[in-house]
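One structure is given here, and the rest of the page talks about it.
The values are calculated or read from the model by the stated rules, or taken from the named source; none is laboratory data. Since this is a predicted model, take the numbers as computed values, not measurements. As a convention, Cβ positions derive from the backbone with ideal geometry for all residues, glycine included, and neighbour counts pool all protein chains shown. Only protein heavy atoms, including side chains, enter the accessible area calculation; ligands, DNA and RNA are left aside. Shrake-Rupley method; radii C 1.70, N 1.55, O 1.52, S 1.80 Å.
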Amino acid sequence: AHNCLGKTAGETCIIECAYGYSISGDPTVRSCENSGTFSGSGLPTCEANLCTMGFPNGVGVSHTCDGVATGGTCEAECTQGYSGSPTQFMCRSNGEVSGSSPACVAKACGELSLDVQYDSELCSGKTTSQTCLVGCSEGWSLVGSVTSYECKAVGSFSGSLPECAAKRCTEGVPASSDLNTPESCSSLTTGQTCSVACADGYEGGIAEYTCGTSGYLTGSSPTCTLKMCPNSVPLGKLSNNCGDGVTFSSSCVVACADGYRLAAGSSSQEWQCAWDNVDSAVVLQGTLPQCEPVPCEYNFPYGAKVVHNCTGIGTGIDCLVECAPGFVGSSVVLVCQADRTLHGTAATCKALSCPSRDEANVENDCGSTMFEGKCFASCADGFTGTPTSWMCGLDGQGGVQLQGDSPTCEARTCIYNIPVGLAYAHSCENLENGETCTVSCADGFVYESGVESPTVLTCDTDQSLAGLLPECIIITTTTTKTSPTEASTTTSTFSLTGSSSTSTSSTSTPTATNTMTSQTISATIATATRTTPTVTSTSTTATASTTTATFTTAEAYVEISGGFTLEVDAADLEAFVNDPQVKEALIATVAEISGAAVEDVELKLSIATRRLQSPLPDRRRLAAASVVVSYVVTVPQDDGSSTTATGSSTSVLKALTNMNAASVSSALTPNLEARVGAGTYTVVVQSVAAVVTKVIRQITTTPSAGTSAAPVTPVTVESSNVGVIVAVILCILGAVACIVGMVLLGVRRSRQKGESPLLAGNANVEVYGPIAIVAVPEPPLQDEEVALEI
């Protein structure tokens, strides 16, 4: 089950288990990407719930439904001794097994065949589980009590035989109970006879008896008919085998009826048809057994949907079944019958649906969650917090409500796609969802369009800044001051897009001329200095003299900036960037590779998880799931004569220019292990960006001792000469722009072919007067690499 339909780019959805299934672990979260597809993989582990109610029941019914789970099927059939067709049941998602129980009919047992002395006629026609009493046949005497036989499922009876003793002819035998044998018959021997009449309780004539060799008196018994005792056993809780009546001297058993059992200390009773001397008639006599209802055992209401008072009730007693709290439906009455089964209509109860629960900055998937159902609440897009589980439970007032702690949600702070590099100045740190920041060109950089056009980034719900970065180009400026008699100033601006402008102004005496030559990359830019008379409104006369100047270099240093990209386990990104020991290890790594002092290295880390949009199709953009390390190494500038002296600007620049992924990895691994321990972070160096240098130098000129500046002779200049001078300057500027444009066009084409436009192999540093030119070969960038193109 999921809520992914209708999601748009940047939105997330949750995939969880459907109703009737339980989730193992956490739900799966998918994010809708700009491409129109969902990111992420895998589905949650769902296990079918076991059914716990609605199992098949009834007399003679068995089933295979124990342990069946949602969607599974099972079978109900008649047990041995019962006949009927099996039926199918299915486990539904609500935890109930549905289906119809088979109609099982008890099978009849065969006739009970016993020896002649046993009376088993009461066992005729009995079916499975029914019982019958076995006594002694006519002419045999019962020793003890009658016994019970049960019809078993296999179709035969099981039980123990009663003890029956044959009658003997002694002391006046015949001694049959139906005869009134005179005393003379008690001493009969073989062949002797006596007259025997019918005894009390019988009716008939007189017959002669002869004692036979078998030990019994033989003869023709008088025709004596037993008188019948009417059945006087009370009905209700009792059962008996007395039928319509019992003949004189016969007995029957009075026991508990079906659905009742003997009370403690009580037993079944034998009733006898005896002669009542008072009434001179036969009467059925005996003691009543104590019987109590048998508790019902079958067809009890099951499941959490109902409550009842049926437990322990016995035969003939009814009970009430109602819907449990959290469920709704009508109540029913069940009656305990003699078969120990509750009879009546099953209660139909439906779970109540919890009303919605709306909270600020919280979203949930509760929908129409039913009673005792669970759902999840999580923070809305743009907020962070731990999801919680809600359950639909009782509200204490007969209704239901969603219960559970609310997630604590805090606005997300954007930590991805923060602008990186020397070119940008911004206020994009610690922005929360929906806040914006402005990105502009930093000091030393100008907008490529020539118009100040800062851009705005917005903190998105995925904790990343979205928007366009401004196009910024670097400015390189060199200033030279000369003696009071002669001054020339040249300012040059260079950019990756191939634009360059040079302006020169000069004042001098007619006898002094100064020329400065500047070279950048592979182009030579000639800056001409023209000797121009000073324009004034008065004329004076003076003698010019030659001045010798001494040049002194003030403080000069080189800033070398660059960077490299690290791939870090996604779960450790924020911890890695915010770990001070990690930053210390990275500074030590840059210092170790470059040979600079640790205090000369400045470093910044930022996270990039998606590409920033760029208006130019050939712009490189930040790759996903990486940490960008930007460094600046500041060292005093040397004269370039030594490339091996440790810590010199030349050696540091060369070392950083030659730095690659392998050398960074080799130095970074031991530095990280020494500070944060082995295995704390998994780090892979992805790429190393080209380095950029910024040279800052001032050259001042002072007159030598013993010299003095000669007075300058002002000359009046016609206005037409000023126009010529301006035209010459404009021509020079146009020529410079053309040369630089052609050079940079060649550079761009060479870079598109993956070649270095200036050098093969390592970078070189060349110093032309006050300007340091750095040519750095850059390998072709692979997909998803990060590089700062200079």
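Tabulated data
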item	result
Environment charge of S232, counting only residues whose C-beta is closer than 13 Å and scoring Lys/Arg +1, Asp/Glu -1	-2
Local electrostatic count, C132, Cβ distance below 10 Å [Lys/Arg +1, Asp/Glu -1]	-1
Mean shadow area of the range 341-445, taken as a quarter of the surface of its Cα convex hull (nm²)	10.3 nm²
Inter-label distance for N578 and E138, nm, one decimal - labels placed 7 Å from Cα along Cα-to-Cβ	10.6 nm
Probe 1.4 Å, accessible area per residue of the range 241-294, Å²	51 Å²
Residue-wise HN-Hα coupling along the range 89-101, computed from phi with Karplus coefficients 6.51, -1.76, 1.60 (Hz; x: Gly, Pro)	10, 10, 7, 8, 5, 7, x, 10, 7, 10, x, 10, 5
Between the range 221-237 and the range 646-663, the Cα center-to-center distance that results, in Å	127 Å
Filtered GluC sites (Glu not before Pro), the range 257-324: DSSP coil and at most 12 other beta carbons within 10 Å	E297
Ordering of 124-135, 224-235, 669-680 by packing [mean C-beta count within 10 Å, highest first]	124-135, 224-235, 669-680
Net charge contributed by nearby residues that have their C-beta within less than 15 Å of V446 (K/R +1, D/E -1)	-3
Low-density loop cleavage sites - GluC sites (Glu not before Pro) in the range 329-435, where at most 12 other Cβ are within 10 Å (DSSP)	E359, E429
